[in-house]
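Contents: one structure, followed by commentary.
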Amino acid sequence: KKLISGMIVLILTIFLISFIRYFREGKEYSFNGFLSALFDVLGELGGSFFPVVLIIKVCPSNHSFLYGKTYFYSLLAGLIPESLDFTGTITAWTTNATLPLGWISGDYDYTFGTGYSLVAEAYANFGEFGWIVLFLTGVLVAKLLKQTKKNHFSQYVSMVLLFEFFTVARRNFYYIINHTFYCVIIVYFLLLLLCKKKGTQGYIDGTKIEDL
């Protein structure tokens, strides 16, 4: 029974990863059999690992470890729109938040997009200890996914975070901060202001907005 259960989980995981690949690329998913799904998985895993290899080859040989620099600037730049900054400061912060991606484009002469990943960013910051950051990021995403209640706003948050979960492996920390801030936190405060303006005393679908 354990063997059968394990095989079922493995097959479902293969098809799920294949679906995530199509979902992330914005393509329509079509079922073409197990072998096709397996090739999709191998391609997805290889594509995720490729930028990691590129970063390892140039860091720390050509570029020093960043020791949390990209995470710090992601927190700063991810919360302020560049369109509101006329000094160029936010743009500079955004550049620092995605600095390892610049290493790939600057140190390699590829004519195609190599992509990026949380693993590559973690290694560029802390080397072999980058797994600690990945673990904490996973805990954060898992906790966000668990915070769901039976109302429309919570369902909206679940959909936003589900999209983030499906695409986060090929993203960076800046994306997590930026996407969550604008799609969840900003919407939350807009709803709070709207409820107060309409005199609903901060309730949505019978749920107090502070409890969402």
Yes or no: Glu210 charged (D, E, K, R) and at pLDDT below 75? yes
Looking at Phe181, Phe189, Phe129, can you tell me which residue is within 21 Å of Ala97 (Cβ to Cβ), part of a helix (DSSP H, G or I) and open to solvent by 50 Å² or more (accessible area, probe 1.4 Å)? Phe129
Name the single residue that is nearest to Asn125 (Cα to Cα) among those in the range 84-107 being modelled with pLDDT of 85 or more and aromatic (Phe, Trp, Tyr). Trp103
Identify all residues within the range 77-90 that are more than 20 Å from Ser117 (Cα to Cα) and not in a loop (DSSP other than H, G, I, E, B); write none if there are none. Glu82, Ser83, Leu84, Thr89, Ile90
Out of the residues in the range 101-126 meeting the condition of being more than 22 Å from Thr180 (Cβ to Cβ) and of a type in the set (D, E, K, R), tell me which one is surrounded by the fewest Cβ atoms within 10 Å (Cβ to Cβ). Asp109
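The values are calculated or read from the model by the stated rules, or taken from the named source; none is laboratory data. These numbers were taken from a predicted model, which means no experiment stands behind them. Virtual Cβ from ideal backbone geometry, glycine too; neighbours counted across all protein chains shown. In case anyone asks, the SASA skips ligands and DNA or RNA and just uses the protein heavy atoms, side chains included. Shrake-Rupley method; radii C 1.70, N 1.55, O 1.52, S 1.80 Å.
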